[in-house]
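What follows is a single structure, written as structure tokens, with notes after it.
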Amino acid sequence: MDYVIKTEEIKKVYNMGAVDVHALRSANVTIAPGEFVSIMGPSGSGKSTLMHILGCLDSPSDGKYFLDGEEVSSFSKNKLAWIRNIKIGFVFQTFNLLPHLNILKNVELPLMYAGKRASLRNEIATDLLTRLGLGDRLHHKPSELSGGQRQRVAIARAVVNNPAIILADEPTGNLDSQSGNDILSIFKELHQEKNTIIMVTHDKNIAKIADRIIMIKDGEVVDGDITN
Amino acid sequence: MAISLTESIQIGFQDFWTRKLRSLVTIVGIVLGTMSIIVILSLVNGMNEETMKWMTERGGLAKITISNNWEAKNPLNLPNYFSYKEILLIKSLVPEAEVFNANIYLRSNFKYGENTTFSRTIGAFPDYELVEEWTADRGRFIKNFDITESSNVIVLGNTIKEELFGSKNPIGKTVTVRGQQLQVIGVMKYRFIGNSGSNLFSDNPFEYMNRTSIMPISTMINKFGQRDAIDEITIRAKSAEDAVALKNKLEDIVLNLRRGYGIFNVVSAQEEAEKMKQSSMMFKIIFFFISSISLIVGGIVIMNIMLASVQERTREIGIRLAVGARRFDIFLQFLIQSIMITFVGGIIGVLTGVSIVKHVGAFLNTNTVVDVTMIYIALIVSVGVGLIFGIFPSIKASNLDPVEALRYE
């Protein structure tokens with residue numbers, strides 16, 4: 001079976017002094033290329049931890065994680081940085097743009113860490129932001145844009161290196177419903193362009209736009225880990 | 001995969017510019033430190049240059065003097081002066097010396113016809129004119145044959161000539177000194193200091209020289225019976241480089257003449273200059289460390305600010321890590337920022353230091369010398385401070401956990 005993400009018995013234990021907190025007990029997730037998947041669960045269910053592990057921001061205490069054919073759990077920190085740069089694009093609830101850089105520079109950031117030269121960076125980022133309707137705002141700071149526009153910048157930054165997967169953590173959480181819908185339609189477009197998208201949300205209505213919903217509860221995947 | 005140095009510098013510059021006020025406040029310590037390095041080093045350099053000038057005026061670096069060592073142990077009560085015979089012996093042992101002179105003195109009335117005056121007379125070798133850079137501008141000075149023949153000749157001081165001869169030509173005339181006839185062969189050049197050269201009655205500190213006459217040292221001993229007790233010899237080597245070897249040789253000679261007792265000091269201007277250079281180097285090093293204290297304080301301020309900056313920018317670090325920055329990229333970003341702050345501080349310090357040196361030096365009429373080396377030193381030291389005090393905050397920044405950094409509010 002073809003997959004872009006496959007986790008085997010992933011566990012994450014945080015040691016909080018005397019007690020061990022099991023954020024993830026046993027998470028098995030398989031995601032095929034080009035899939036649009038929502039991860040749903042109540043707060044404290046471990047969905048954020050799972051997303052951090054899938055995004056290589058955090059490593060599992062136990063279990064195996066295959067990303068794009070590679071077992072990444074044992075990778076060095078530099079290799080993980082490279083994976084976050086090239087294979088993963090993050091979209092956060094709070095946008096997480098650098099406030100003192102203009103949006104063009106923000107979108108160029110992953111290209112810079114990928115070692116692309118300045119003129120190429122500028123070209124790619126300008127092109128992408130123009131396609132997302134921000135062509136006239138390139139030199140604006142994030143604070144000069146609306147929430148929906150900021151999230152579009154964040155999406156541009158996430159996809160600028162053509163990652164294998166796009167990870168979105170409550171991408172509409174800080175937006176009004178109109179802007180939220182705009183963002184969701186961008187995700188749908190990205191999905192139609194054969195991008196793999198994983199979206200964490202607690203909102204059932206938003207989760208529904210995905211091909212499939214993975215339910216997580218108390219650190220375990222309880223429903224939906226089936227590939228169509 | 002790595003981001004290049006230029007990128008890092010660009011980021012550093014952005015950071016610097018975004019936090020202009022903070023950056024400027026941070027560099028004050030560095031500015032003061034580099035400024036004081038420049039000011040102190042150029043003052044010491046100026047002092048050195050003054051000293052070297054002074055030494056050159058005093059006969060140059062090739063000059064060697066032999067004189068009495070008052071502190072010497074002399075249990076056998078050996079003579080603490082040289083006899084004329086010993087002087088001639090020493091002279092014959094150092095043919096490589098370019099200049100050799102020793103003096104004895106006589107005070108006496110000079111008589112010409114009806115005119116009488118009093119003159120101090122120096123018994124000298126022909127090299128006297130080279131040692132003192134002073135010679136006859138009428139007639140001639142003493143020559144070697146005057147020495148060998150103990151000729152009855154005299155070179156008059158300018159004032160003495162005026163008093164004895166007035167406006168008449170004295171050359172070839174005979175003056176009487178202590179009952180002996182001396183032929184005038186020359187008149188020494190008029191010496192004066194200040195602008196009132198033509199006025200003979202003004203206060204001229206060099207007037208005593210114009211009242212000095214010179215005769216061959218041998219004449220003074222053989223004809224006038226003046227005691228040949230010579231306590232100072234002036235010698236000049238061909239060059240400053242030759243002076244040290246010649247000085248060592250002379251030291252051996254005078255030790256041999258006094259059974260190994262160091263009754264005489266042999267001092268070479270070259271060695272003195274080297275000693276002076278060494279002590280001024282010590283001076284420089286000590287002052288350098290004193291001014292480094294403010295650089296260290298500046299460095300601690302920078303470390304403090306950088307730590308605060310790392311704290312404040314935790315989320316930014318998290319974002320950068322999330323989009324693919326390696327730990328080394330983060331490390332470099334903060335380190336370069338710290339170095340840039342100190343480098344800019346160093347440049348401002350050098351500029352203010354140089355202008356202080358120029359203006360204050362001119363105002364105080366002190367010689368100051370700014371050279372490129374010390375500008376390099378000041379800049380390298382300031383960059384070094386940024387490097388050293390930036391490392392710890394940069395390591396702290398690069399070791400942040402991405403997940404925690406992203407959660408940081």
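Please list, or write none, the lysines whose alpha carbon is within less than 24 Å of the alpha carbon of B:Lys358, excluding same-chain residues fewer than 8 places away.
Excluding near neighbours in sequence, the set is B:Lys53, B:Lys277, B:Lys284.
Label chain B by shape, choosing from rounded, prolate and oblate, from the square roots a ≥ b ≥ c of the eigenvalues of the Cα gyration tensor; if a/c is under 1.5 it is rounded, and otherwise prolate applies when a/b is larger than b/c, oblate when it is not.
On the way: a/c = 4.99, a/b = 3.01, b/c = 1.66.
Here chain B falls in the prolate category.
Sequence-distant or interchain residues sharing an amide H contact under 5 Å with B:Thr135, placed H: which?
Hits under the 5 Å cutoff: B:Lys189.
Just B:Arg326, B:Arg120, B:Arg236 to compare: in a GNM of chain B, with alpha carbon springs under 10 Å, which one fluctuates most?
Looking only at B:Arg326, B:Arg120, B:Arg236, the largest GNM fluctuation is found for B:Arg326.
If a helix is a whole DSSP H run, which ones in chain B reach 30 Å or further along their own axis (Cα) and hold a mean Kyte-Doolittle hydropathy of at least -1.0?
Answer set is B:28-57, B:269-312, B:327-364, B:372-398.
Please work out the C-alpha center-to-center distance from the stretch B:364-409 to the stretch A:90-164 and express it in whole Å.
32 Å
Take the residue pairs A:Lys77/A:Lys141; A:Lys64/A:Lys204; A:Lys11/A:Lys204; A:Lys47/A:Lys116; A:Lys141/B:Lys396; B:Lys249/B:Lys275 and return only those whose Cα atoms are more than 23 Å apart.
A:Lys77/A:Lys141; A:Lys64/A:Lys204; A:Lys11/A:Lys204; A:Lys47/A:Lys116; A:Lys141/B:Lys396
At a 10 Å Cβ-Cβ cut-off, how would you order B:Ser150, B:Ser67, fewest neighbours first?
Starting with the residue having the fewest Cβ neighbours, the order is B:Ser67, B:Ser150.
Through the Karplus equation 6.51 cos²θ - 1.76 cosθ + 1.60, θ set to phi - 60°, convert the phi angles of the stretch A:167-183 into ³J(HN,Hα) values in whole Hz; use x for Gly and Pro.
10, 10, 10, 6, x, 9, x, 9, 10, 5, 5, 4, 5, x, 5, 4, 5
Out of all DSSP beta bridges with both ends in the protein assembly as shown, state the antiparallel percent to the nearest 5.
Restricted to the protein assembly as shown, the bridges split so that about 65 percent are antiparallel.
Which value at 222 nm does chain A reach when only helices count, each DSSP H run of 4 or more adding -39,500 (n - 2.57), with the total divided by all residues and rounded to the nearest 500 deg cm²/dmol? Don't jump to the answer; show the numbers that get you there.
On the way: 7 runs with 76 residues, N = 228.
Using -39500 (n - 2.57) per qualifying helix, the result is -10000 deg cm²/dmol.
Quote the Stokes-Einstein diffusion coefficient, in whole µm² s⁻¹, for the stretch B:63-269, based on the Kirkwood radius over alpha carbon pairs, a temperature of 4 °C and a viscosity of 1.567 mPa s. Show your work: numbers first, answer last.
Working: Rh = 18.2 Å.
Diffusion coefficient, whole number: 71 µm²/s.
Add -39500 (n - 2.57) for each DSSP H run of 4 or more in chain B, then divide by its residues: what number comes out at 222 nm, to the nearest 500 deg cm²/dmol? Let's see the in-between values first.
Details: 15 runs with 232 residues, N = 409.
The helix contribution divided over chain B gives -18500 deg cm²/dmol.
Rounded, prolate or oblate: which one fits the stretch B:75-135, using the alpha carbon gyration tensor with axes a ≥ b ≥ c (rounded when a/c is under 1.5, else prolate when a/b beats b/c, else oblate)?
It is oblate, given that a/c is not under 1.5 and a/b is not larger than b/c.
What are the residues whose amide H is under 5 Å from the amide H of A:Ile197, where those residues sit 5 or more places off or on another chain and H is modelled from the backbone?
For A:Ile197, the qualifying residues are A:Glu35, A:Phe36, A:Val37, A:Ile166.
How large is ³J(HN,Hα) for each residue in the stretch B:136-151, as worked out from phi by the Karplus curve 6.51 cos²θ - 1.76 cosθ + 1.60 (θ = phi - 60°), to whole Hz, x for Gly and Pro?
Whole-Hz 3J(HN,Hα) from phi for the stretch B:136-151: 6, 9, 10, x, 9, 8, 5, 10, 4, 5, 5, 5, 5, 8, 6, 5.
Read phi for every residue in the stretch A:146-163 and hand back ³J(HN,Hα) as whole Hz from Karplus 6.51 cos²θ - 1.76 cosθ + 1.60, θ = phi - 60°, with x for Gly and Pro.
Coupling constants for the stretch A:146-163: 6, x, x, 5, 4, 5, 5, 4, 4, 5, 4, 5, 5, 9, 5, 9, 6, x Hz.
I want to verify a result. In a Gaussian network model of chain B, Cα cutoff 10 Å, which of these has the top mean-square fluctuation: B:Leu61, B:Leu89, B:Leu364?
In this elastic network of chain B, the residue with the biggest mean-square fluctuation among B:Leu61, B:Leu89, B:Leu364 is B:Leu364.
Sticking with the crude label model, points 7 Å out along Cα→Cβ, report the distance from B:Ile290 to B:Asn222 in nm, one decimal please.
Going by the 7 Å Cα→Cβ label model, 6.0 nm.
In terms of Cα to Cα distance under 28 Å, which lysines are near enough to B:Lys173, apart from those fewer than 8 places away along the same chain?
Straight-distance partners of B:Lys173: B:Lys111, B:Lys143, B:Lys161, B:Lys189, B:Lys223.
Return A:Phe36, B:Phe206, B:Phe110 ranked ascending by Cβ neighbour count within 10 Å, so the fewest neighbours appear first.
B:Phe206, A:Phe36, B:Phe110
May I ask for the Kirkwood hydrodynamic radius of the stretch B:7-111, worked out over all distinct Cα pairs and given in angstroms to one decimal?
Roughly 21.3 Å, rounded to one decimal.
In what sequence do B:Val372, B:Val39 fall when counting other Cβ within 10 Å, fewest first?
Final ranking by Cβ density, sparse to dense: B:Val372, B:Val39.
In a Gaussian network model over chain A where Cα atoms closer than 10 Å are linked, find which of A:Asn15, A:Asn122, A:Asn161 has the largest mean-square fluctuation.
With Cα springs under 10 Å in chain A, the top fluctuation among A:Asn15, A:Asn122, A:Asn161 is at A:Asn15.
How far apart, in nm, are the 7 Å Cα→Cβ label points at B:Lys275 and B:Arg107?
3.2 nm
DSSP beta bridges in chain A, what fraction antiparallel, as a percent rounded to 5?
The antiparallel fraction comes to roughly 50 percent.
Classify the protein assembly as shown: rounded, prolate or oblate, from the alpha-carbon gyration tensor (a ≥ b ≥ c, eigenvalue square roots; a/c under 1.5 rounded; otherwise prolate if a/b is larger than b/c)?
Here the protein assembly as shown falls in the prolate category.
Each value in this text was obtained by applying a stated rule to the coordinates, not by laboratory testing. On a predicted model such as this, the values are computed, not experimentally measured, just so you know. So basically every Cβ, Gly included, is an ideal-geometry build from the backbone, and we count neighbours across all protein chains shown.
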